[in-house]
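Remarks on the structure that follows.
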Amino acid sequence: MGYIIGVVSQKGGVGKSTISRAVATTYAAAGWNVKVADLDINQASSFSWLQRRLAREVQPVVAVETFGTVDQALKIAEAYDMMILDGAPHATRATMEIGKRADLVVLPTGLSLDDLEPTVLLANALSSEHGVSVERIAIALVKTGDSPRELDEARSYLAATPYFVLDSQIPEKTAFRRAQDGGLSVVESPYKGPREQADKLIQAIIDRLESVTQ
């Protein structure tokens, strides 16, 4: 079986699918056989993104499929070099199952306490209640604003927790929204500055995966 990355959150709209797509396209561009398992069957936003990507014939090809359960997705994981489990919003039994089965669990969050507090609570539930090792939990800052002070405060807040906080962040940018509307991921944005910033966060995820699976 290849690697499994889970991307989960306590609430919707914090950048879960943004990260899943960016990780998937990065590995696919490197020649990996990648599958995104979209576990949010109500919205299936990653699957809809794939339809836009296919319509525009964007390369590399990334396989995305919706699944009702984690077990259904993992039944085919052996066929891929990388399986990305794009979880449904809100902490559910499936969220905890993703935590148990993934090599790395990424928790995206915004900078406000309304985002940070639920993220830490979810990380606590994964580690304390469901036995997910702290080392396999990584927090990613996504949809950040333009205030360095707010970013510093968020990082200080997370530094008081036992969880690994990924370097860099993905800011809130029109360029990223437009890219995803067109079937691209944020690391495929045509604008160099935003693309390079997104690349840094995705590289941090790749580096962390390599660290915890050595």
Review point. ³J(HN,Hα) across segment 129-139 via Karplus (A = 6.51, B = -1.76, C = 1.60, θ = phi - 60°), whole Hz, x for Gly/Pro?
Key: 9, 10, x, 6, 5, 4, 4, 8, 9, 10, 9
Point to revise | Lysine pair count for the chain [Cα-Cα under 25 Å; pairs on different chains or 8 or more apart] | key: 23
Practice item. Convert each backbone phi in segment 150-159 into a coupling constant with the Karplus relation 6.51 cos²θ - 1.76 cosθ + 1.60 (shift: θ = phi - 60°), then list the ³J(HN,Hα) values in order as whole Hz, x for Gly and Pro. Key: 4, 5, 4, 5, 5, 5, 5, 4, 6, 5
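Compute the relative contact order of the chain as a whole-number percentage, counting only Cα pairs closer than 8 Å that sit 6 or more residues apart in sequence.
Values: 404 pairs, mean separation 53.4, N = 214.
Relative contact order comes out at 25 percent.
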Practice item. Would you grab the residues whose amide H sits under 5 Å from the one on LYS143? Only those 5+ places off in sequence or on another chain, please, with H modelled 1.01 Å from N. Key: ILE170, GLU172
Study note, to complete from the structure: HN-Hα couplings for segment 63-68 via Karplus (6.51, -1.76, 1.60; θ = phi - 60°), in whole Hz with x for Gly/Pro, come out as 7, 10, 9, 8, 9, x
Practice item. At 0.36 nm per residue, minus the direct Cα-Cα distance, what do TYR191 and ALA160 gain on full extension? Give it in nm, one decimal, please. Key: 7.7 nm
**Study point:** Inter-probe distance in nm under a simple model that places probes 7 Å from Cα toward Cβ, at GLN203 and ASP146
**Key:** 2.5
Exercise for review: Taking 7 Å along the Cα-to-C-beta vector as the label spot, tell me the GLU153-GLN72 distance in nanometres, rounded to one decimal.
Suggested key: 4.3
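At 0.36 nm per residue, minus the direct Cα-Cα distance, what do SER211 and ALA55 gain on full extension? Give it in nm, one decimal, please.
Working: separation 156, 0.36 × 156 = 56.16 nm, distance 3.68 nm.
The span from SER211 to ALA55 would gain 52.5 nm if fully extended.
We did not get these values from a lab; they are worked out from the coordinates using the rules stated. Predicted model only: the values in this text are computed from it and were never measured. Virtual Cβ from ideal backbone geometry, glycine too; neighbours counted across all protein chains shown.
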